[in-house]
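Data first, discussion second: the structure below is written as structure tokens.
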Amino acid sequence: MREWITPDVLALLRADPWFGSVPPEFERELLALATTKRLQHGEHLFFRGDAPCGLYAMLEGTLRVSGVTEAGKEAILSLVDSPSWFGEIALFDRLPRTHNAVAEGAVRVLHVPQDELLALLAHAPQHWRELGVLMALRLRLTFIGMEDLALLPAESRLARRLVWLVEASALMPSEGVCVLPISQTQLGMMLSLSRQTTNQVLQSLQDQGVLRVAYGRIEVLDRARLMAVAGISKNEKRILSHLQPGGPKALPPDAVS
């Protein structure tokens, strides 16, 4: 085990529900290939169109994943915080990166290089399944988000996105206030909502005691009421259980497809 993989770092990585459920031998092999990299605020980890460079995990900070038009208009797809793993799509198709990933504040990531990881998978192809599970869960969340954008009014879309942001973070407390390091502007960009509409919806949720808006962050005060406002279904709650440390290892046969 490399010297930078301290007990605290290992515990952090295992808090991620995907990495926490991979076979011990795959965990060891991934970490044996890994190095760490630091980014300053505004520095890009990679740009859209860059060659595939491997698999990453967040150790500290937040990455903004987005697309930017030639005119400079940005659409934020997600904010990735520790200890999430990402970058697996390019392992499968070997195609260029589809979006930009830029540091929001100081960031430290774990990096498993593409060529070394592909060599490992050629030697131990059974581990492809674990990466497929990682990509499949992300695809489920993407489909849910697409449906929300197409069918739901602004309040429901915003509440549901906040639910996914809270429940997808392995570091959120199970009880009490949950602090999301996201601004009103960033949240609106994720949902294609104007600043005015985003502010109105957040103010309404704040008046209901569901959350509190502060500078550069949103504090969720009542997760149960947020889920009620969001209209999270029974099947969606089962998917959310897979985002928690120690959650189920595989989706049941009758879960949504």
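The single condition among (1) surrounded by fewer than 17 Cβ atoms within 10 Å (Cβ to Cβ); (2) modelled with pLDDT of 80 or more; (3) within 18 Å of the chain's Cα centre (by Cα) that T185 does not satisfy is (3).
Please go through the range 107-132 and pick out each residue that is more than 17 Å from T35 (Cα to Cα) and among the aliphatic types (A, V, I, L, M).
As a first pass, look at the range 107-132 and keep what is more than 17 Å from T35 (Cα to Cα): 121-132.
Matches in the range 107-132: L121, A122, A124, L131.
Any idea which of L162, L152, L118 is at pLDDT below 95 and open to solvent by 20 Å² or more (accessible area, probe 1.4 Å)?
Numbers: L162 fails: open to solvent by 20 Å² or more (accessible area, probe 1.4 Å); L118 fails: at pLDDT below 95.
Answer to the selection: L152.
Within the range 77-87, the set of residues being part of a loop (DSSP other than H, G, I, E, B) and over 8 Å from the mean Cα position of the chain (by Cα) comprises S82, P83, G87. In the range 78-107, which residue that is surrounded by fewer than 17 Cβ atoms within 10 Å (Cβ to Cβ) and in contact (Cβ under 8 Å) with a residue 60 or more places away in the chain is farthest from I182 (Cα to Cα)? Among residues in the range 78-107 that are surrounded by fewer than 17 Cβ atoms within 10 Å (Cβ to Cβ) and in contact (Cβ under 8 Å) with a residue 60 or more places away in the chain, the one farthest from I182 (Cα to Cα) is A106.
The values are calculated or read from the model by the stated rules, or taken from the named source; none is laboratory data. None of the values given here were measured: they were computed from a predicted structure. Reconstructed Cβ throughout: ideal geometry from the backbone, glycine too, with neighbour counts over all protein chains shown. Remember, those area values only see protein heavy atoms, side chains included, never the ligands or the DNA or RNA. Shrake-Rupley method; radii C 1.70, N 1.55, O 1.52, S 1.80 Å.
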